[in-house]
1. So which of 168, 123, 116 ends up being in contact with a Ser or Thr (Cβ under 7 Å, 6 or more places away or on another chain), buried (at least 17 other Cβ atoms within 10 Å of the Cβ) and closer than 23 Å to residue 52 by Cβ?
2. Sort out for me the helices (runs of 4 or more DSSP H) sitting completely within the stretch 156-261 that have 3 or more residues that are more than 26 Å from residue 31 (Cα to Cα).
3. Taking the stretch 79-113 as the search range and keeping residues that are at pLDDT below 80, in a helix (DSSP H, G or I) and of a type in the set (Lys, Arg), which one is surrounded by the most Cβ atoms within 10 Å (Cβ to Cβ)?
Amino acid sequence: MQPEFLPASPQPAVRVVPVLRPLAWLASGWRDFGYAPGVSLVHGSLVALGGWIIAALAFAWLPLLPGAFSGFVLVAPILATGLYEMSRCRERGKPGDMACAIDAWRRGTRSLVWLGLGLAMAGTAWVLVSAVLVALFVKAPITGAEAFVRHVVLSEGTNLFPVWVLMGGAGASLVFAATVVSAPLLLDRETDLLTAVWTSVRVVGANPLAMAFWAALIMVATALSMATAMLGFVIAIPVIGHATWHAYRDTVDAGGIPPRE
């Protein structure tokens with residue numbers, strides 16, 4: 001039975017996919033990347049630039065560093081809106097070019113705006129929670145990178161890092177479940193935010209192993225991108241963004257909802 005808080009708008013059907021299906025999504029994402037690499041690279045470069053700016057600000061106050069980076073990752077689903085639209089255009093036989101990507105932002109729906117605001121609030125809240133955790137667990141002053149690694153990462157004399165990982169993992173799992181296909185659905189069909197989010201949760205519930213594998217692939221790509229001083233985002237963001245469109249098309253049957261024009 002549908003929960004009472006959900007809207008009465010049509011609920012898309014959810015498909016079950018094989019556990020290794022995310023590998024096919026990545027292959028399709030790489031193919032879409034090759035159609036318009038310049039436009040895709042612009043998206044990745046902007047995300048890398050954002051990462052550098054956040055790093056510069058966070059290094060000014062090291063306790064913010066863990067939450068700043070992980071909070072930045074939370075808003076990625078909305079940053080890839082142009083990439084979803086590029087894949088959508090190509091699927092419809094249209095050029096998936098810069099004009100297509102810009103059009104996605106120009107005609108952005110109110111629901112997409114609210115989703116973006118919600119993700120931004122979630123990311124900001126996690127930055128604050130991380131800073132509070134550091135303040136509660138670490139009593140010694142963090143005066144440099146060495147002290148940060150010793151007191152925060154290695155958590156000498158405290159359980160800070162395990163607690164941070166557990167809380168961050170729980171929050172990231174909720175955000176992932178709510179957004180894994182909701183942004184592409186909002187871009188593609190005339191539906192509302194609650195329906196899109198609930199559909200995303202249903203997709204995860206119907207495909208727990210495949211979605212866990214997909215989340216793991218995204219985490220590995222994110223970690224490698226950060227380990228390369230954000231340069232990995234230049235490639236990872238467009239490929240994952242395009243792949244997310246194919247994840248949506250594979251797992252959601254939205255044929256009963258009018259397309260968004």
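1. 168
2. 160-179, 193-206
3. It comes out as 110.
The values are calculated or read from the model by the stated rules, or taken from the named source; none is laboratory data. These figures come from a predicted structure and were not determined experimentally. Backbone-built Cβ (ideal geometry, glycine too); neighbour counts: all protein chains shown.
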